[in-house]
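The values are calculated or read from the model by the stated rules, or taken from the named source; none is laboratory data. Here the structure is a predicted model, which means the values were calculated and not measured. Note that we place each Cβ from the backbone using ideal geometry, even for glycine, and neighbour counts take in every protein chain shown.
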Amino acid sequence: MLCGLCPHACRIEPGHAGRCGVRMNRGGELVSLVQNRPAAVHVDPIEKKPLYHFLPGTRTFSLGTFGCNLRCAFCQNHELSMTRPVVTNDIPEFPAAEVAEEALRHGCKSVALTYNEPTVWAEYGLEIAKAARARGLKTVSVTNGYIQPGPAEELYRFIDAANVDLKAFDDGFYRRLCGGTLQPVLDTLKLLRKLGVWLEVTNLVIPQENDSPEQLAALAKWVCAELGPETPLHFSAFFPCWKLMDRPVTPRTTLELARRLALDAGLRHVHLGNLHLAE
């Protein structure tokens, strides 16, 4: 079977799953192994996503499953994103309608599709977003943006806000460290802006990889030109993680330079994150 959800366009043999590990060809039917079965559920501040300009000061009911369609060597949630479950029957079911009710019970104003990559559980995410909207809740997505335009439009018509991880403004970086390509992410960002989704962008600044002044300035200029000067841009400090343990923590001076370059590019809301790790 051909999976048309993300740019990998996996051809999946019977009894096997695609690159994400959670979309399986079962008897000629493409099924999700994580439908209704989140692996992580928490109540978070909305700023943790990070979303600084959408429902600030509120809590969001956050959940994620297993799997991801990228292979980022520096993934901070690799315990979830890199797990490839055969079955998840040991995880209790949590249908979309119950997710919305629990969010309300915890005093949340929104539901967040987060932790691992929401694209790979798009069917569940769409059901959650519809249930949340029916109960007066907003839905946010924390995503790598690696999704085909058709499925993205179907899903994000029911998503109110998104933080998209623009990992680098360099296709070679995506191919070498993420197992993907840059252009689909840029296309998704422009599509979400067109759909009217509230959009914030995050860039994890990794020493010796995507931290040159030229690349940081190019990324900021693209965001300003294509998404608009009011688009919030978050630069976050890297810390050694998973397969990228040989890089130092991002210096504070690098993040401060990134912020100055972004402001010079015309962006009006530039935020720095993980600075406590970069003293």
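A few comments on the model shown:
- Out of Thr231, Thr181, Thr139, Thr188, sole residue that is free of Cβ contacts under 8 Å to residues at least 60 places away in the same chain and in a loop (DSSP other than H, G, I, E, B): Thr231
- Count - residues of the stretch 153-173 that are within 26 Å of Ile206 (Cβ to Cβ), of a type outside the set (Asp, Glu) and within 15 Å of the chain's Cα centre (by Cα): 7
- Residue check, Leu63 more than 19 Å from the chain's Cα centre (by Cα) and at pLDDT 95 or above: no
- Within the set Leu55, Leu30, Leu80, the sole residue that is touching a Lys or Arg at 6+ places or on another chain (Cβ under 7 Å) and under 27 Å from Val201 (Cα atoms) turns out to be Leu55.
- One residue stands out among those in the stretch 260-269 that are of a type in the set (A, V, I, L, M), closer than 14 Å to Glu230 by Cα and touching a residue at least 12 places away in the same chain (Cβ under 8 Å): the one that is surrounded by the most Cβ atoms within 10 Å (Cβ to Cβ), which is Ala262.
- Scanning the stretch 219-233 for residues that are among the charged types (D, E, K, R) and either buried (at least 17 other Cβ atoms within 10 Å of the Cβ) or within 17 Å of the chain's Cα centre (by Cα) (or both) turns up just one, Lys221.
- Of the strands (runs of 3 or more DSSP E) lying entirely inside the stretch 27-92, the ones with 3 or more residues being touching a residue at least 12 places away in the same chain (Cβ under 8 Å) and surrounded by fewer than 20 Cβ atoms within 10 Å (Cβ to Cβ) are found at 40-45.
- Criterion: within 22 Å of Leu186 (Cα to Cα) and either surrounded by 15 or more Cβ atoms within 10 Å (Cβ to Cβ) or among the charged types (D, E, K, R) (or both) - qualifying residue of Leu272, Leu257, Leu244: Leu272
- From the list Gly4, Gly21, the one residue that fits, being out of contact with any strand residue (DSSP E or B) (no Cβ under 9 Å at 6 or more places or on another chain), assigned to a loop (DSSP other than H, G, I, E, B) and crowded, with 18+ Cβ neighbours inside 10 Å, is Gly21.
- Among the residues of the stretch 208-228, those identified as over 22 Å from Lys49 (Cβ atoms), assigned to a loop (DSSP other than H, G, I, E, B) and not acidic (Asp, Glu) are Gln208, Ser212.
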